Amino acid sequence: MSSVTARFKRGGVHPYEGKELSAASELVTVEVPKRLQVPVTQHLGKPSKVVVEKGQDVQVGQILAEADGPISAPVHSPVSGKVLKIGDAEIVGAYRAPVIDIMNDGKFTGEEAFKGTPVVNWDEKGDFLGRIRSAGVVGLGGAAFPTAVKLRPPPNVKIDHLLINGCECEPYLTADDILMRERAAEVVAGCAIMAGILGVDRVRIGVEVNKPRAIEALSTAISQQVYTATFKGAIPSFDIVTVPLRTMYPQGAEKQLIEAITGRQVPSGQLPFSVGCVVQNVGTALAVFDAVARKRPLFERVVTLTGGAITNPGNYLARIGTPVSALVAAAGGTTEALAAQVAGGPMMGKSLRNHDVPVVKGMSGLLFLTAAEAAAAEETDCIRCGRCVNACPMGLAPCEITAQADFLKWEKSISLGALDCVECGSCQYVCPANRFLVARVRLTKFYSRRLPK
Amino acid sequence: MSENRMILQSSPHARDRESVRKVMYTVTLALLPAVIAGTVFFGLRALLVMALSVVACLIFEGIAMKVSGKPVKETLLDGSAVITGLLVAMNLPSGLPLWMVVVGALVAIVLGKHVYGGLGNNPFNPALVARVFLLISFPTAMTAWPVPYGTDGVTAATPLGVLQMEGAAVALQSIPYYNLLIGNVGGCLGETSAIALLLGGIILLVRKVISWEIPVTFIATVLVFTTITWLVAPDKHINPLWHVLSGGVMLGAWFMATDMVTSPVSRKGMLLFGVGCGFFTCIIRLWAGYPEGVSFAILIMNGLVPLIDRYLAPTRFGARQATQGAKA
Amino acid sequence: MAIVEATLFLALLAGLLSVVLVFASKKFAVEENPLIAEVEEILPQYNCGACGFPGCSGFAQHVVASRDPNAICTPGGSDLAKMIAGLLGMEVAEKAATAAHVFCKGSNSVALRQGRYLGLQDCVAADLVTSATKVCPSGCLGLGSCVKVCDFDAIVLDDGIVYILEDKCVACAKCVGTCPRSLIRMVPMGEKVAVECSTKDKGATVKKYCELGCIACNKCVKTCPEEAISLVKGAITIDHDKCVLCGDCIPVCPQGTILGLELHGRVLPGVAQAENAKEVEA
């Protein structure tokens, strides 16, 4: 099978997968802690507006902060209880961000409303997009872009493909894998809903071949029409296919996935719309299903806790706002060998300083790495071996771009394509001189905004 | 004041296990067959030249680093100076006076590498800079080729020398292909054994230290070019196989032109680089005063690398015009 | 004979080419306002770009062409501005000389550090990894990005914090845009009573990670006789127009965040008091 499976055309690397660490174990539900910190803004776009007050009682699924403007998303209460305070706290990627502290009363008032039998009534199709928006669904692959925005392309473009990203090309992470395996029918139903909204019939679910059980579960759900069990009304016809893809990083990068499945290349600086595609993550598809069929807002997600320095690696279902420390406790704590911790995958994740930060919608995994896994190394001089050039999926020459950055020549660095870089990290992964290529590209991007001379 | 010792870094947090040191020592390993072949054919004297060149290169490297304020301990043994030393020696006749070997090492390390800022910054292959320097400075010593298995002081022309002086017919008759293949002919101590060099090249390819583009296009260009001249004037020019197996083509294509620092970084650039090396080699061999042109060809192409990298940069993703979707 | 031929030939060639050169220099001569050269002559020739023009010659051309009184060569200061004005016969806008100043004193010995930052040794890169070197989110990262851009060696990195050497600073302001945390600002020379901290955190939090951090206790606000100090959005701010450099705020600051050191050779009375108090205690 591997010889015929599709992949993106250029570059890419194949790091140690490490999926076996966390893939085998069952999904564990993390006990909801007494106190949660829900960040006000958990998406890419305009910050949300807080609509609750200090001391106010809230229910599960109640809106804490509403969308402000078209490219924004609301945030819902993951528990019932009292708003303790509205203030600032550290979250992943920001030292200080507005958060809403909630004291959990342990009653989960209001959660019953989302536990009824799911129904997707296609006669209410016009209502679907609104439900997705008000459920606060954002891209769960990591970027956290509001899903409803992506499902409403500008009027002048024609969309002919809905691509579902089940690649999970980041090593170690298995959160999407477990969803595809255990909730395949709902994932596919979510895909169908999105296809219905977009008015396309062609849905392609791309999954890397290192997840055979996920591919099988999805294919079964599609071929035996399991996913239509909850459908009612005038069901449109769908052409849903699972596409096995070669295990190759960054297969799940948006532009690479589009190329792998459709053969089209999104031009530099443009969106997938420009080639008639919409890409959504499998986790997002499930959240869409929950939003439409259960009217359930997004207030929990699966987080992979893995790495050589966590006692019980696996997948953990946690409410948004749960501190990382609670997840670590649920996974049996970290071991002595802990040398580095990362929020996200090893290729694009962010270093984590402590366990105080809360789970957010875009948090796909937490890595607890040993010194050997973290692979920190001193950088040496570039020997111009060209490995980075061959690894770059965007067709750039990272060594040349970063050499310019070293001389503070930002314009030259930009003219060599620094702004096209997706920061996938493939170049730095293969660099024998251990050069900090991605960081230098980020410098260029930083200065391109700050010094517009 | 400090708290925990958690590693903080920007992504990616994973690396493959390759390092500059590993790359360099793989190249050294790949040179081993040729080292053995050189020792077999040219005796212990060849081994002495190689050892001296490596040691001299290491010493000069250490001094150069100290002078330029670089960390000597960490990088002296990264293997790059060892390779330079070996390659300098392989490009010398085994009977060269030892002090000239030391001069060669000095030129390679200081003039070839450190005046430009050290590893990674030199535009020209240091070993070739040394070879050409010696060839121009000491033409007699640098063209006194000891006979394989011969005693000290007995010299003979290289196959290409024979070809230039006495013509294709004599060369074909006096030097059998078998000798060219295993290296039982006169020449630089590391360049004669095509089979040993090929073996080393295969090691480099398998270990992915080099990619196929440069050696394959280099050799293919020599083959194609000399096939044409051979077909046009078979009595004047010798056949392409003889060209490829003789002289420094094998050493040049597998070990000298593929030097990472002085070759292009993109695949397209590498293809052009290989073609250029082959082309200039043939031009010099067939029509210039020197019987062999590999060193000059590679140096010429080294000089063109910045230009090649600029104009043959990899095709950027999305550079293909907006495709079907936009039209649809 | 050959040598005569060669000599003749070369002489002939030289003669011909010199004719061509003379012709070209006459034919393609560019008329330039001699004032430009005169102005350029007195410019500092740093080519620092602080004026916003490509180098000193660019500035000279602009000034001569536009007679723009607001075009100022910062390194040259008001003296140079007067000289240029004299040359061009125009009025100049008075502008106080400034120097860059780092609003953080959180060296490694006073600020809490956390973790081992093993990424690119550059402040911007480190800032993208949340608080990679010090816990303080608004402190100097201590990796010297500003040192790299300074063309005048006016910035020194020591013990995890940068200092500006005022005698070397030409106020080109390149470092200002480089600091990812905007800790460097231009301040008027001689108005150097400064709150040497840029934190936005609450006092209790600041105390956890920095010995010299401002805790916004308001003592200086109450002490200032000129009401030049105020608490704006949680940050203590000094209004330099009102400040009379009495230095009374310096000894009352419990954290030692407000510093006012020698200003043009004179020690502020407040500093002297504090020193005396210390001596008395000892």
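Assorted remarks:
- Candidates A:Gly93, A:Gly142, filtered to the one that is assigned by TED's automatic domain parsing to the domain that holds A:Cys167 and either under 26 Å from the mean Cα position of the chain (by Cα) or within 28 Å of A:Gln251 (Cα to Cα) (or both): A:Gly142
- Failed item, numbered, when A:Ser80 is tested on (1) free of Cβ contacts under 8 Å to residues at least 24 places away in the same chain; (2) crowded, with 18+ Cβ neighbours inside 10 Å: (1)
- For A:Ala329: the one exception among (1) among the aliphatic types (A, V, I, L, M); (2) more than 30 Å from A:Glu66 (Cα to Cα); (3) within 14 Å of chain B (Cβ to nearest Cβ): (3)
- Once the range C:126-166 is narrowed to residues that are under 16 Å from C:Cys48 (Cα atoms) and among the aliphatic types (A, V, I, L, M), the residue that is farthest from the other protein chains (Cβ to nearest Cβ) is C:Ala154.
- Positions within the range A:390-416 being farther than 21 Å from A:Gln265 by Cα, within 8 Å of chain B (Cβ to nearest Cβ) and out of contact with any helix residue (DSSP H, G or I) (no Cβ under 6 Å at 6 or more places or on another chain), in sequence order: A:Glu400
- Looking across the range B:176-192, the residues that are in a loop (DSSP other than H, G, I, E, B) and either within 18 Å of the chain's Cα centre (by Cα) or touching a residue at least 40 places away in the same chain (Cβ under 8 Å) (or both) come down to B:Gly183, B:Asn184, B:Val185, B:Gly186, B:Gly187, B:Cys188, B:Leu189, B:Gly190, B:Glu191, B:Thr192.
- If you go through the range A:389-429 and keep only what is of a type in the set (Ser, Thr, Tyr) and surrounded by 24 or more Cβ atoms within 10 Å (Cβ to Cβ), you end up with A:Thr402, A:Ser413, A:Ser426, A:Tyr429.
- Residue in the range A:303-324 that is of a type in the set (Ser, Thr, Tyr), free of Cβ contacts under 8 Å to residues at least 60 places away in the same chain, within 14 Å of chain B (Cβ to nearest Cβ) and in a loop (DSSP other than H, G, I, E, B) present: no
- Exactly one residue out of A:Thr109, A:Thr147 is among the polar types (S, T, N, Q) and buried (at least 23 other Cβ atoms within 10 Å of the Cβ): that is A:Thr147.
- Residue in the range A:372-385 that is closer than 29 Å to A:Ile102 by Cβ, outside the structural domain of A:Cys431 (by TED's automatic domain parsing) and buried (at least 24 other Cβ atoms within 10 Å of the Cβ) present: no
- The residues in the range A:368-389 that are at the interface with another protein chain (Cβ under 7 Å from one of its Cβ atoms), within 28 Å of B:Ala313 (Cα to Cα) and part of a helix (DSSP H, G or I) can be counted, and the count is 1.
- Residue check, B:Val27 within 30 Å of A:Thr370 (Cβ to Cβ), touching a Gly at 6+ places or on another chain (Cβ under 8 Å) and within 12 Å of another protein chain (Cβ to nearest Cβ): no
Here's the yes/no breakdown for (1) surrounded by fewer than 18 Cβ atoms within 10 Å (Cβ to Cβ); (2) in contact with a helix residue (DSSP H, G or I) (Cβ under 7 Å, 6 or more places away or on another chain); (3) not small (Gly, Ala, Ser):
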site: B:Gly43; (1), (2), (3): no, no, no
site: B:Val82; (1), (2), (3): no, yes, yes
site: B:Ser94; (1), (2), (3): no, yes, no
site: B:Gly104; (1), (2), (3): no, yes, no
site: B:Pro123; (1), (2), (3): yes, yes, yes
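- Applying the criterion of being charged (D, E, K, R) and more than 13 Å from the chain's Cα centre (by Cα) to the residues of the range B:237-290, the residue that is farthest from B:Ile308 (Cα to Cα) is B:Arg285.
- Test for A:Glu124: is it at pLDDT 90 or above and in a loop (DSSP other than H, G, I, E, B): no
Here's the yes/no breakdown for (1) more than 14 Å from chain A (Cβ to nearest Cβ); (2) in contact with a Gly (Cβ under 6 Å, 6 or more places away or on another chain); (3) loosely packed, with under 15 Cβ neighbours inside 10 Å; (4) on the phi > 0 side of the Ramachandran plot:
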position	(1), (2), (3), (4)
B:Gln9	no, yes, no, no
B:Arg17	no, no, yes, no
B:Arg21	no, yes, no, no
B:Leu47	yes, no, no, no
B:Cys57	yes, yes, no, no
B:Ala64	no, no, no, no
B:Ser68	no, no, yes, no
B:Lys73	no, no, yes, no
B:Leu77	no, no, no, no
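- Of all residues making up the range A:236-279, the number that are in a loop (DSSP other than H, G, I, E, B) and facing chain B (nearest Cβ under 9 Å): 9
- The criterion of at least 2 residues that are under 30 Å from C:Ile161 (Cα atoms) is met, among helices (runs of 4 or more DSSP H) falling completely within the range B:1-114, by B:20-67, B:72-76.
- Just one of the numbered conditions (1) in the same structural domain as B:Trp287 (by TED's automatic domain parsing); (2) under 30 Å from B:Pro306 (Cα atoms); (3) among the hydrophobic types (A, V, I, L, M, F, W, C); (4) surrounded by fewer than 16 Cβ atoms within 10 Å (Cβ to Cβ) is not true of B:Val170: (2).
- Test: residue in the range B:119-138 that is free of Cβ contacts under 8 Å to residues at least 12 places away in the same chain, over 23 Å from B:Gly247 (Cβ atoms), in a helix (DSSP H, G or I) and aliphatic (A, V, I, L, M): no
- Selection of the range B:282-318 for residues being over 18 Å from B:Gly187 (Cβ atoms), surrounded by 23 or more Cβ atoms within 10 Å (Cβ to Cβ) and of a type in the set (S, T, N, Q) yields only B:Asn302.
- Subset tally (residues that are under 15 Å from B:Met250 (Cα atoms) and either surrounded by fewer than 16 Cβ atoms within 10 Å (Cβ to Cβ) or in the same structural domain as B:Pro33 (by TED's automatic domain parsing) (or both)) for the range B:196-215: 2
- None of B:Leu160, B:Leu111 is of a type in the set (A, V, I, L, M) and in contact (Cβ under 8 Å) with a residue 40 or more places away in the chain except B:Leu160.
- Lone qualifier among C:Cys169, C:Cys179, C:Cys123 - being within 12 Å of chain A (Cβ to nearest Cβ), closer than 30 Å to C:Asp68 by Cβ, touching a residue at least 40 places away in the same chain (Cβ under 8 Å) and crowded, with 22+ Cβ neighbours inside 10 Å: C:Cys179
- The number of residues in the range B:227-267 that are among the acidic types (Asp, Glu) and within 14 Å of chain A (Cβ to nearest Cβ) comes to 1.
- Test set (1) part of a helix (DSSP H, G or I); (2) of a type outside the set (Val, Ile, Thr); (3) within 15 Å of C:Val124 (Cβ to Cβ); (4) at the interface with another protein chain (Cβ under 7 Å from one of its Cβ atoms) - A:Ser448 fails condition number: (4)
The values are calculated or read from the model by the stated rules, or taken from the named source; none is laboratory data. Keep in mind that this is a model prediction, so the values were computed, not measured. All Cβ positions, glycine included, derive from the backbone under ideal geometry; neighbour counts span all protein chains shown.
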